[in-house]
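Presented below is the structure to which this report refers.
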Amino acid sequence: MTILAVDDEKLALASIMEQIKQVLPDADVMGFRKPSEALAAVQEHPCEIAFLDIEMKEMDGITLAKRIKRLHPLTNIIFTTGYSEYSGEAFALHASGYLMKPIFPEMIREELDNLRHPVELKSGKKIQAKTFGNFEVYLNGEPISFHYSKTKELFAYLIDREGAVCTNKELMSVLWESDEPHLSYIQKIRKDLQTVLEEAGCADVFVNKWGGCAVNADQIDCDYYDWIAGKVQAINAYRGEYMSQYSWAEITHGSLEYAARKNEEKADK
């Protein structure tokens, strides 16, 4: 992803670029002190997001934003300024955000979670779990292969539990839907999951406990977790399906459906 940052103050430009990199370390951030140079760069290399200072000598940020939008209408414009009086003009331009200086990473993160034109944002986390629809899991964008189907299902259930430690007894009851003893098998697939994650360089994702296990939810990029956090992209991504291949997922699916109906009712009022 390409991000543009424009500010004619040297220290201010360095600061905003540093904050952006903290939030999106994998992004290609282009920084310019001259709006004309920024505009020329955008003509050659379109950007998904542009952070623009408003009060600049050569060309003000409002004018620059209009010219960028003429070239690339779907560019998300986020104004950065020390003045509140330009908010009306920003609103008229359908800007994606308006940040008052000084700017901190959490402010940028909030704007990125609510972009007018959503884009794929890399979180920096290696493991990506897709729960809306069928459950799938990826390592840096590539599907992860498990030796057993139950290993994948175990990982899905642990993700559904959001980092809570699950006992072997609970896992046997859920994964086999019976009271028959499967202790040796659950130990086998637990070991398999641990091995797969270790080989992927993600050993810290799996939490091994005596008589149970969990996942480190903070290390997983997951649409369901983003939905819980209220991120607009995740809320819009939900289409009425959650881990569809697993019957035990119906409990969480019911909660998602209930919340979706409530949101629709609010929107209708």
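Tabulated results
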| quantity | calculated |
| --- | --- |
| Tally, over the range 229-253, of residues that are more than 12 Å from the chain's Cα centre (by Cα) and either closer than 24 Å to P118 by Cα or not aliphatic (A, V, I, L, M) (or both) | 15 |
| Residue check for A12: touching a Ser or Thr at 6+ places or on another chain (Cβ under 9 Å) and crowded, with 17+ Cβ neighbours inside 10 Å | yes |
| Strands (runs of 3 or more DSSP E) wholly inside the range 117-224 that include at least 1 residues being more than 16 Å from the chain's Cα centre (by Cα) and in contact (Cβ under 8 Å) with a residue 40 or more places away in the chain | 206-209, 212-215 |
| Residues located in the range 42-51, provided they are assigned to a helix (DSSP H, G or I) and open to solvent by less than 40 Å² (accessible area, probe 1.4 Å) | V42 |
| Whichever residue in the range 1-20 is of a type in the set (G, A, S) and touching a residue at least 60 places away in the same chain (Cβ under 8 Å) and, among such residues, is farthest from L112 (Cα to Cα) | A12 |
| Selected residue (only one of A214, A200 is surrounded by 14 or more Cβ atoms within 10 Å (Cβ to Cβ), at pLDDT 95 or above and of a type in the set (A, V, I, L, M)) | A214 |
| In the range 21-41, residue most open to solvent (accessible area, probe 1.4 Å) [restricted to those that are touching a residue at least 40 places away in the same chain (Cβ under 8 Å) and in a helix (DSSP H, G or I)] | Q22 |
| Test: residue in the range 83-90 that is part of a strand (DSSP E or B), open to solvent by 10 Å² or more (accessible area, probe 1.4 Å) and under 30 Å from A237 (Cβ atoms) | no |
| Whichever residue in the range 147-165 is among the hydrophobic types (A, V, I, L, M, F, W, C) and surrounded by fewer than 19 Cβ atoms within 10 Å (Cβ to Cβ) and, among such residues, is farthest from D226 (Cα to Cα) | V165 |
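The values are calculated or read from the model by the stated rules, or taken from the named source; none is laboratory data. Everything numeric in this text was worked out from a predicted model, so none of it was measured. Virtual Cβ from ideal backbone geometry, glycine too; neighbours counted across all protein chains shown. These area figures cover heavy atoms from the full protein model, side chains too; ligands, DNA and RNA do not enter into them. Shrake-Rupley method; radii C 1.70, N 1.55, O 1.52, S 1.80 Å.
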